[in-house]
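Asks: The structure under discussion is supplied below as structure tokens; questions concerning it will follow.
The values are calculated or read from the model by the stated rules, or taken from the named source; none is laboratory data. All of these numbers come straight from a predicted model, not from anything done at the bench. Methodologically, a virtual Cβ is constructed for each residue, glycine included, from the backbone with ideal geometry; neighbour enumeration extends over all protein chains shown. Surface areas here come from the heavy atoms of the whole protein model, side chains and all, with no ligands, DNA or RNA. Shrake-Rupley method; radii C 1.70, N 1.55, O 1.52, S 1.80 Å.
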Amino acid sequence: MNAPHLRAFGSGLARMLGPLVVCLWLLPVASALAQEAPAAEAPATEAVEAEHAPDTSAAVAHAEEAAHAAADEHGPRPPVWLVLPFVILLVMIATGPLFYPHHWHHHYPKYAVGLGLFVSLYYIFGLGSTTPVVHAIEEYLSFIALVASLFIAASGIYININAKGTPRNNAILLFVGSLVANLIATTGAAMLFVRSYMRLNKGRLKPYHLIFFIFLVANVGGGLTPLGDPPLFLGFLRGVPFFWTLTHVWFVWLPTVLLILAVFYVIDARNKIESPDPDPSQPLVQIRGAKNFLWVLVIVLSVFIDPNVFEWVPDLHELYHIPFGIREIIMFSVAVLAYKLADKEALQKNEFTFEPIREVGWLFLGIFATMQPALQLISLFAHDHAEQLTVGMFYWGTGLLSSVLDNAPTYLNFLAAAMGKFGLDVNVPEQVKAFAEASVHPETWFYLQAISIAAVFFGAMTYIGNAPNFMVKAIAEENKVDMPSFMGYVTKYSLPILIPIYFLIYLLFYSGLFPTLDTFFEQLLIR
């Protein structure tokens, strides 16, 4: 690496690592200052026999006891007003770029860190607990390791599609990207295709092109495998069979993708501006920096390097009490190597900078810290009211909260509550598998399907619903695309386009209005 590239790398890396330094600084501070009571031990879980009725009083009592024990493990109940910093941060993300862009651009890291520190220090000093702070740091490091490594590795791959930007070609690319998202995650697919997608539409690129890219490639597309989106992988770690999602979700996933593509096609067909004609002397697809596909593969495979998947993987959390594991070490290492060994011309053609990951890093540091009280309160509510929640309520509850909160813990909280309805424990892999395969009760797979679909699909509702959403927005803005504001995204696109489609899913599958449809797919799957 020559001197200019080395200086650029050092400067960019320093800017990117700022959020990591803050959260790693906070960890020893929290550990030193807090005098935390030992976590309550969860009661031993007895196996639930398939032939026994799952709604007996003993099973319900056991579920409530396990639920409150699980809530205790996440620290004391926070006051409701502690959700305000999270709300304030969301309001600032929505209004800053619109009403005070210059101030926001220069000071958003201070607001994100300041509000996050306020919540963290209240937990430490006001509630005497470090548990939510440590959880926030662990979740953030896992999040930023995956996002940053895929962003850097995929940015070293230059893909040029020698074709005309037409509604048909765009729809094909969006569909292919949606499929690929199930192999390399929504973040990987978004980073791999977004720049080539923008080049394909040179001269006719509009904000709606990127919005539908976020809808499909960055969210809905990743709903078929545990590799596609973090909540599904979390379910896999808990005991959901790897191919369960594919077999139980595809018949909802496919019509949803096709409906969104149909809306896109109608809108894009009204765009009469033409992109340049393809060069007949060039191949249809040109790839430079293909060696970075190996780095992407390493990142995807490293997702499975987890003590919950392979017993031989050391648990650094337990051994050394540090907030990351072997997986995160590999991902951060790949991020450095992928940039250092990348094809510099591919990076240049992709107009690569560290600014998008820097913005995501700072803002999501604040989001992960400030959303802990909301997640705790939601978890307690879900557990306390699990008996009254129908499958439709689980669908809307998981979905709407996944729009503004991290969808992985939201998924897990609602999964735990749904399993509690049937006297099952989310911490026992055998019972999670039984819940997924409906061996305890014929309706349990239905709850898991609703929660899984909602956690993935509703991530497209806002810029912060899923990590690649904000990444795509930042990359597009660096390329001079006038992306809508936070509220503009919601009011002009996600509410009028996605909510009717998601409501149709609810009517068909979770409202109870078409029980024969439910029965048909249930019998089809059981066979």
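Asks: Place a label point 7 angstrom from the Cα of L504 along the Cα-to-Cβ direction, then list the residues of the range 250-272 whose backbone nitrogen is under 12 Å away.
Replies: 254-264
Asks: Defining a contact as two alpha carbons under 8 Å apart and six or more residues distant in sequence, what relative contact order in percent does the range 405-490 show?
Replies: This gives 25 percent for the range 405-490.
Asks: Would you mind estimating how fast the range 181-318 diffuses translationally, via Stokes-Einstein at 4 °C and 1.567 mPa s with the Kirkwood radius over Cα pairs, in µm²/s?
Replies: For the chosen part, D equals 74 µm²/s.
Asks: Moving on to the next point. When the accessible area of the range 190-235 is split by element with a 1.4 Å probe, what percent falls to carbon and sulfur?
Replies: 69 percent
Asks: Report the label-to-label distance for K291 and H321 in nanometres (one decimal), using points 7 Å from each Cα along the Cα→Cβ vector.
Replies: It is 4.3 nm.
Asks: Would you mind computing, in nm to one decimal, how far apart the modelled labels at K492 and D279 are, each placed 7 Å from Cα along Cα→Cβ?
Replies: Placing both labels 7 Å along Cα→Cβ, they lie 3.4 nm apart.
Asks: At a threshold of 8 angstrom on Cα-Cα distance, excluding pairs fewer than six apart, so keeping six or more, what relative contact order does the range 84-194 reach in percent?
Replies: 20 percent
Asks: Additional query: Once R0 is set to 30 Å, what does the formula 1/(1 + (r/R0)^6) return for the Cβ-Cβ distance between N479 and L254, expressed as a FRET efficiency to the nearest 0.05?
Replies: Computed FRET efficiency for N479 and L254: 0.45.
Asks: Once neighbouring chains are kept in place and the probe is 1.4 Å, which whole percent of the accessible area of the range 83-165 is contributed by carbon and sulfur?
Replies: Its accessible area is 73 percent carbon and sulfur atoms.
Asks: At what distance in nm do the modelled label points of L400 and H107 sit from each other, each positioned 7 Å from its Cα along Cα→Cβ?
Replies: Output for this residue pair reads 3.4 nm.
Asks: Among the GluC sites (Glu not before Pro) within the range 271-374, which fall in a DSSP loop and have no more than 12 other Cβ atoms within 10 Å of their own Cβ?
Replies: When the GluC sites (Glu not before Pro) of the range 271-374 are filtered for loop state and at most 12 Cβ neighbours within 10 Å, E274, E311, E351 remain.
Asks: Which value results when the Cα radius of gyration for the range 272-323 is divided by 2.2 N^0.38 Å?
Replies: 2.21
Asks: In whole Å, what is the distance between the alpha-carbon centres of the range 166-215 and the range 75-103?
Replies: The distance from the Cα centre of the range 166-215 to that of the range 75-103 comes to 30 Å.
Asks: Starting from the Cα coordinates of the range 93-230, work out the convex hull volume and express it per residue in Å³.
Replies: 143 Å³
Asks: Please give me, ordered by residue number, the trypsin sites (Lys or Arg not before Pro) of the range 205-284 that lie in loop per DSSP and have at most 15 other Cβ atoms within 10 Å.
Replies: R270, K272
Asks: Can you give me the relative contact order of the range 375-454 as a percent, contacts being Cα pairs under 8 Å and 6 or more apart?
Replies: Worked out over the range 375-454, it gives 35 percent.
Asks: Follow-up. Express in % the proportion of alpha carbon pairs of the range 359-506 at distances exceeding 25 Å.
Replies: Every Cα pair in the range 359-506 considered, those over 25 Å come to 35 percent.
Asks: Could I ask something else about it? Quick check on packing: order 380-392, 279-291 by the mean number of other C-beta atoms within 10 Å, highest mean leading.
Replies: Going by the mean number of other Cβ atoms within 10 Å, highest first, we get 380-392, 279-291.
Asks: Right, something else. Any idea which of S149, N182, F215 is furthest toward the positive side of the dipole for the range 131-239, if Lys and Arg beta-carbons carry +1 and Asp and Glu beta-carbons -1?
Replies: Farthest along the dipole direction, towards plus: F215.
Asks: Using alpha carbon centroids, what distance separates the range 435-508 and the range 350-420, in Å?
Replies: 12 Å
Asks: Calculate what fraction, in whole %, of the accessible area of the range 360-484 sits on carbon and sulfur atoms when a 1.4 Å probe is rolled over the protein chains.
Replies: 60 percent
Asks: Related question: When a/c reaches 1.5 or more, the comparison of a/b and b/c decides; with that in mind, is the range 450-503 rounded, prolate or oblate per its Cα gyration tensor?
Replies: oblate
Asks: Which semi-axis lengths, in whole Å and largest first, follow from the square roots of five times the eigenvalues of the Cα gyration tensor of the range 302-431?
Replies: So the equivalent ellipsoid measures 35, 21, 14 Å along its semi-axes.
Asks: Where the centre of each part is set by its Cα atoms, how far does the range 260-321 sit from the range 112-156, in angstrom?
Replies: 24 Å
Asks: Of all chymotrypsin sites (Phe, Trp or Tyr not before Pro) in the range 434-490, which ones are in loop regions per DSSP and have a Cβ with at most 15 other Cβ atoms within 10 Å?
Replies: Nothing satisfies the criteria.
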